[in-house]
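Structure, as structure tokens:
The values are calculated or read from the model by the stated rules, or taken from the named source; none is laboratory data. Just so it is clear, the structure is predicted and the values come from calculations on it, not from any experiment. Please note: Cβ atoms are built from the backbone with ideal geometry, for glycine as well, and neighbour counts cover all protein chains shown. Calculation scope for accessible area: heavy atoms of the full protein, side chains included, ligands and nucleic acids excluded. Shrake-Rupley method; radii C 1.70, N 1.55, O 1.52, S 1.80 Å.
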Amino acid sequence: VTGNDQASGARATPFRTISRAAGSLKPGDTCVIHTGMYRETVRPASSGTPGHPIRIVAAPGEDVVVSGADLVAGTWTRAEGAARTVSLATHPGQVFVDGKPMMEARWPNAPLAPVMERLTVRAEAGEGTDYDSLCDATLPTGDFSGARVLIWPGSMWNNAMREVVAYEPGTSFRFHPPFKATKATYHKEDPYRPKPTNPYILFGSRAALEQPGEWFPDSAAGVLMLIFPASTSPRNAIVEVRSRDYGFDLNGLSH
């Protein structure tokens, strides 16, 4: 990480990025990476051959990390309540504080636990729920219009995401687009029709941001809103956002 991509790439004058090295690798070459965090997607320029593969390896005994996340630069400022904001132009996908994944603001609230554990905390649709709307007397106050609902409809064989429109606290909201009726050849009724008792979760609303560890991207304002975990100092915390889907993209390559 102290290298220079304008250097030769030799042991004494190394490159700074793995990508720079990968662009010059030929069959039989080995790229040795030294300790550090490399925030990039590496796409080698060419394939190796069966007898002469291209190898990209960590130096023996050294700690190399290729990360899909970038550091959040900028100053955190106080917002309403316990939230802090920082400028961020794009939707982050995921947010990490000191290496730990935070949770997109949601209702009902869930503990700051691994993702699959969070998904076990869900609300339940009430009477009147159907293809076009979800009814629930416990819907929270606030404006959830434009949010997303993750619902396990009908027989709960799968889940689906819809936009929330015409939101009325303690009453109902409409799905956009509505669910379509599915012909059920082997069932007496449509197994995908939303109905009472179906579990669901609301995401994507500022109204859901209310507990430590939750974040919300305010795209209109160009900021990321975050309630830092208890005992974490915004001044000293390392905040990262997911920026890339791949550490290495070997599509179309071999050996």
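Restricting to the range 25-35, name every residue that is surrounded by 15 or more Cβ atoms within 10 Å (Cβ to Cβ) and outside any loop (DSSP other than H, G, I, E, B).
Cys31, Val32, Ile33
Have a look at Thr138, Thr129, Thr120 and point out the one that is of a type in the set (Ser, Thr, Tyr), surrounded by fewer than 16 Cβ atoms within 10 Å (Cβ to Cβ) and under 19 Å from Gly170 (Cβ atoms).
On the way: Thr129 fails: surrounded by fewer than 16 Cβ atoms within 10 Å (Cβ to Cβ); Thr120 fails: under 19 Å from Gly170 (Cβ atoms).
None of the other options fit; the residue is Thr138.
Looking only at residues that are over 21 Å from the mean Cα position of the chain (by Cα), over 26 Å from His34 (Cα atoms) and in contact (Cβ under 8 Å) with a residue 12 or more places away in the chain in the range 55-105, which one is surrounded by the fewest Cβ atoms within 10 Å (Cβ to Cβ)? I'd like the intermediate steps shown before the answer.
From the range 55-105, those over 21 Å from the mean Cα position of the chain (by Cα) are 55-64, 75, 77-82; that's our starting set.
Those left that are additionally over 26 Å from His34 (Cα atoms): 75, 77-82.
Adding the requirement that they be in contact (Cβ under 8 Å) with a residue 12 or more places away in the chain leaves 79, 81-82.
Numbers: Ala79: 17, Gly81: 10, Ala82: 15.
By that ranking, first place goes to Gly81.
It is to be established whether one or more residues within the range 2-16 are open to solvent by less than 80 Å² (accessible area, probe 1.4 Å) and not in a loop (DSSP other than H, G, I, E, B).
Scanning the range 2-16 turns up no residue that is open to solvent by less than 80 Å² (accessible area, probe 1.4 Å) and not in a loop (DSSP other than H, G, I, E, B).
Select the strands (runs of 3 or more DSSP E) contained entirely in the range 199-255, then report the ones holding at least 2 residues which are open to solvent by less than 20 Å² (accessible area, probe 1.4 Å), under 30 Å from Glu127 (Cβ atoms) and at pLDDT 95 or above. Talk me through it step by step, then tell me what you get.
On the way: elements: 199-203, 214-218, 223-226, 239-242.
Those strands (runs of 3 or more DSSP E) span 199-203.
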